[in-house]
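Down below is the structure, laid out as structure tokens.
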Amino acid sequence: MQEVTGRAPALGTAALRALAHPLRVRILDELSMYGPLTASGLGERLGESSGSTSYHLRQLEKHGLVAEDVGRGTGRERWWMRPPGSITLPDAHQQPEGSAERLATELIDQEWMRRRDDAVREFREHAFSAEWLDVASFDTVNLRLTVDELRQLVDDIDSVIARRLQAQPSAGARPVQLQLNAFPLARGGTDKE
């Protein structure tokens, strides 16, 4: 069972640099969304050669971002998985402008945002059953909160998600993505409010 306790610490410099490659972000995303895959399976899904995905998997493995799923595979067939837990990027604005860390953080963040947009677009284009369409949700809610109130709201949501992550998937379960953004609007006041 996956243990979830609060937010993960931000990636260090070496792990940031390892992840700062669009294909590596895509590999990590595929493993996160769909579970363990081989280098060949990832190559097919991503339109890349198995040699390329194998190389990038080994680079991600060096930094603990992926791991071999030792319970699967035979002989030369290696299955890869995304270890449990979240990945947190450092705040790009807290890093020196033009630094490798800031550039890596910005690249990873941009690729994650693009991948999230792709997932929504693919959902909209796919012919899901009425049952799935009825439960899917796209909501935007604007609130007026203090820092402490926003922290509590995010903690409450994280708690609900943690319980769901710890539960065993039910029969017939499919991958579902929950995208959560909770942030102060840039044109809504001052940082001192």
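FYI, it's all coordinate maths here, none of it is from the lab. From a predicted model like this one, the values you see are computed outputs, not experimental measurements. Cβ sites come from the backbone with ideal geometry, for glycine too, and all protein chains shown count toward neighbours.
One table, with the values for the structure above:
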| item | result |
| --- | --- |
| Degrees separating the helix 100-125 axis from the principal Cα axis of the chain, which is the longest one | 80 |
| Estimated FRET transfer efficiency (ARG124, SER52; beta-carbon r; R0 30 Å; 0.05) | 0.50 |
| Which of THR74, THR88, THR53 has the fewest Cβ neighbours within 10 Å, and the rest in rising order | THR74, THR88, THR53 |
| Given charges at beta-carbon only (K, R positive; D, E negative), |dipole| of the chain in Debye | 460 |
| The chain shape via C-alpha gyration tensor axes, a/c threshold 1.5 | oblate |
| Sum of side-chain charges, ASP29 neighbourhood, beta-carbon under 15 Å (Lys, Arg +1; Asp, Glu -1) | +1 |
| Of SER32, TRP79, TRP112, farthest towards positive along the dipole that unit charges on Lys, Arg, Asp, Glu beta carbons give the chain | TRP79 |
| Extension gain, ASP139 back to ASN181 (0.36 nm per residue minus Cα-Cα distance, nm) | 14.0 nm |
